[in-house]
Every structure is written in structure tokens, then in C-alpha cells.
Amino acid sequence: EDQVTQSPEALRLQEGESSSLNCSYTVSGLRGLFWYRQDPGKGPEFLFTLYSAGEEKEKERLKATLTKKESFLHITAPKPEDSATYLCAVSSSGSARQLTFGSGTQLTVLP
Amino acid sequence: DTEVTQTPKHLVMGMTNKKSLKCEQHMGHRAMYWYKQKAKKPPELMFVYSYEKLSINESVPSRFSPECPNSSLLNLHLHALQPEDSALYLCASSQEHRGGRAQETQYFGPGTRLLVL
């Protein structure tokens, strides 16, 4: 059974204080690892898809990396508008089309 | 454009009502999904349609009835719901993969906030 664990559950940062969110996973044959941002009461917004260990992707202040056991979402010099819940999800060979989500990290960036 | 639209944004219904949620995408995606999300929890998969055919039903109660009339539209018909069915209902779509190693990215709509009284 696929498992995804995100840490920390909640993170409070000062504006400009860089940090990283962790997503540890256990799957039987990774097909893809996905990062989403979700604001309260809204649908998840796609950020990144990573397919293989060593892969990295960047978008503005965000950078996602992938190893064989975990993924990190690095946030550089965050701003208050980066406050949201960040969800990590995986898809594996045994569950095509079915995403296994972590519980999310609730990020708050204080001005 | 990676837009999935959902209507209505909010819905309040009694336990004896019949209502429908609608989802639309024009990205040419041939896989569409319904998820249910409770507060402070991740989305839970309900149904998957692939090329307008139901391919996954995650043991969802029959009071939820999905329908995919064409490749751009997905409906979720609701009947005799319970208060515990109150949640955010999310639609998503993705390119349909034809085997291979990669999993296509799912793009989510804004959701319908459902309250069952």
C-alpha cells in the first residue's frame, strides 16, 4: 500500500525566512510525485510534477526536488501570499490514476 | 489553459432533495475524477472516468451517482444525502495515459461547497 507522510504539519515563517517542506513516500514503482497548493475552501492548484530521483523544478520562490524516498519543497524568501496548505501526492504502478495524498503542511508567512 | 470549472460554487440541500454538481474542462483530457474533501483532510477519490466510461468507483454509496455525458463534462447526481456528506466536492481531469511509466498530472477545479441539512 502506498504511503505519503508530510512534515511538518504546520509551519510559521517570517517574511523572507526560507525553509523546506518534506514529503516522504513509500510506493511500489513511482509513476509521479505531485505538489499542489490549496487555499482555504478552494481546489488544489497544481505546482510541480516530478518523475525520477534527481529531478528538480522551480517556479518563482518555489523549488521541488526528488530522491528515491522523499521530496522537498523549498521556499525561498517567502511572502505572506505564499500562505496556504501544500499537498504532496504520489501515483504508483499499482494504482494508475489514483493519487495517494499526504495530510499536507499548513504554511503561514507572517509580514 | 489548465482550467476546470465547477458549478455551483455553493449548494445547500435537504436530505430529501435531488441535486447535481457539474464539471467542465476544455483541455482535451480524457480522464475525469470526482473527489470529496473534508475540512483539514486531503482529497479522497470517489470516481474515475476514462474515455467517458466509469473505470474506478471507490465503494461510494449509491446516493452519489456519477455521469459523463461527453468528453468535456462530468456530473455528480446527489439524492437522499446525509449531513455527514457535507464537504468540498472537487472535480479533476488529466490526459489519459496509454501505458508507459509516467502518470499524467491531475488538474483540479475550484470545488463545490456542499452543505446537507
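The values are calculated or read from the model by the stated rules, or taken from the named source; none is laboratory data. The model shown is predicted, which means the values in this text are computed figures rather than measured ones. Because the Cβ atoms are built from the backbone with ideal geometry, glycine has one as well, and the counts that use them run over all protein chains shown. Surface accessibility is based on the protein's heavy atoms, side chains included, excluding ligands, DNA and RNA. Shrake-Rupley method; radii C 1.70, N 1.55, O 1.52, S 1.80 Å.
Tell me which cysteines of the protein assembly as shown come out unpaired when the rule is another cysteine's Cβ under 4.7 Å.
B:C68
Please arrange A:V109, B:V60 by accessible surface area, largest first, computed with a 1.4 Å probe and ligands excluded. Let's see the in-between values first.
On the way: A:V109 5, B:V60 30 Å².
Descending order: B:V60, A:V109.
Could you order A:T108, A:T5, B:T112 so the one with the most accessible surface comes first? Probe is 1.4 Å.
Numbers: A:T108 40, A:T5 90, B:T112 0 Å².
Sorted by accessible area, descending: A:T5, A:T108, B:T112.
Per-residue mean of other chain beta-carbon atoms within 10 angstrom of the beta-carbon, peptide A:41-51? Walk me through the intermediate numbers first.
Values: counts 7, 7, 16, 12, 4, 6, 1, 1, 5, 0, 3.
Taking the mean over all residues of the peptide, I get 6.
In nm, to one decimal, how far is the A:K63 label point from the A:Y51 one, both placed 7 Å along Cα→Cβ?
It works out to 2.3 nm between the two label points.
From Cα pairs below 8 angstrom and at least 6 apart in sequence, can you work out the relative contact order of segment A:29-102, rounded to a whole percent? Working shown, then result.
Details: 132 pairs, mean separation 24.9, N = 74.
It comes to 34 percent, rounded to a whole number.
Here are some pairs, A:K57/B:K19; A:K69/B:K38; A:K63/B:K19; which of them have Cα atoms lying more than 30 Å apart in this structure? It would help to have the intermediate numbers written out before the result.
Values: A:K57/B:K19 41 Å; A:K69/B:K38 28 Å; A:K63/B:K19 42 Å.
From A:K57/B:K19; A:K69/B:K38; A:K63/B:K19, over 30 Å: A:K57/B:K19; A:K63/B:K19.
Which chymotrypsin sites (Phe, Trp or Tyr not before Pro) from segment A:7-64 combine a DSSP loop assignment with at most 14 other Cβ atoms within 10 Å?
On the way: sites: A:Y25, A:F34, A:W35, A:Y36, A:F46, A:F48, A:Y51; in loops: A:Y51.
Taking segment A:7-64 and a limit of 14 other Cβ atoms within 10 Å, the loop chymotrypsin sites (Phe, Trp or Tyr not before Pro) found are A:Y51.
Can you give the accessible area of B:M46, probe radius 1.4 Å, in Å² rounded to 10?
Its heavy atoms expose roughly 10 Å² to the probe.
Sort A:T26, A:T67 from largest to smallest accessible area, using a 1.4 Å probe on the heavy atoms of the protein chains. Walk me through the numbers before you get to the answer.
Working: A:T26 85, A:T67 60 Å².
Solvent-accessible surface, decreasing: A:T26, A:T67.
Restricting attention to segment B:48-117, which chymotrypsin sites (Phe, Trp or Tyr not before Pro) occupy a DSSP loop and are surrounded by at most 11 other Cβ atoms within 10 Å? Intermediate values should be presented prior to the final figure.
Numbers: sites: B:Y49, B:Y51, B:F64, B:Y89, B:Y107, B:F108; in loops: B:Y51.
Of the chymotrypsin sites (Phe, Trp or Tyr not before Pro), the ones in loops of segment B:48-117 whose Cβ has at most 11 other Cβ atoms within 10 Å are B:Y51.
Tell me, which longest segment in chain B has none of the trypsin sites (Lys or Arg not before Pro) that fall in DSSP loops with at most 11 further Cβ atoms within 10 Å?
Details: sites that count: B:K9, B:K40, B:R98.
Between the exposed loop sites, the longest stretch runs B:41-97.
Cα centroid distance between segment B:72-88 and segment B:15-62, in Å?
When both Cα centres are located, 9 Å separates them.
Which one, B:V48, B:Y35, B:G14, is farthest towards the positive end of the dipole of chain B when Lys and Arg carry +1 and Asp and Glu -1 on their Cβ?
B:G14
Sticking with the crude label model, points 7 Å out along Cα→Cβ, report the distance from B:N70 to A:A10 in nm, one decimal please.
In this crude spin-label approximation the distance works out to 4.7 nm.
Can you check what the net charge comes to around A:S20, using other residues whose Cβ is under 14 Å from the Cβ of A:S20 (Lys, Arg +1; Asp, Glu -1)?
Working: positive: A:R61, A:K63; negative: A:E17, A:E56, A:E58, A:E70, A:D82.
Cβ neighbours under 14 Å give a net charge of -3.
Report the local net charge at A:L66: Lys and Arg +1, Asp and Glu -1, summed over other residues whose C-beta lies under 10 Å from its C-beta. Numbers along the way, then the final one.
Numbers: positive: A:K57, A:K68, A:K69; negative: A:E55, A:E56, A:E70.
Its environment carries a net charge of 0.
Can you compute 3J(HN,Hα) from phi for each residue in segment A:15-26, using the Karplus curve 6.51 cos²θ - 1.76 cosθ + 1.60 with θ = phi - 60°, rounded to whole Hz and x for Gly and Pro?
3, x, 8, 6, 7, 9, 9, 10, 9, 9, 9, 10
Just the number, please: percent antiparallel of the DSSP beta bridges in the protein assembly as shown, rounded to the nearest 5.
On the way: 76 of 85 bridges.
Percent antiparallel among DSSP bridges in the protein assembly as shown is about 90.
Roughly how much of B:H10 is accessible, in Å² to the nearest 10, using a 1.4 Å probe?
Approximately 140 Å² of B:H10 is accessible to the 1.4 Å probe.
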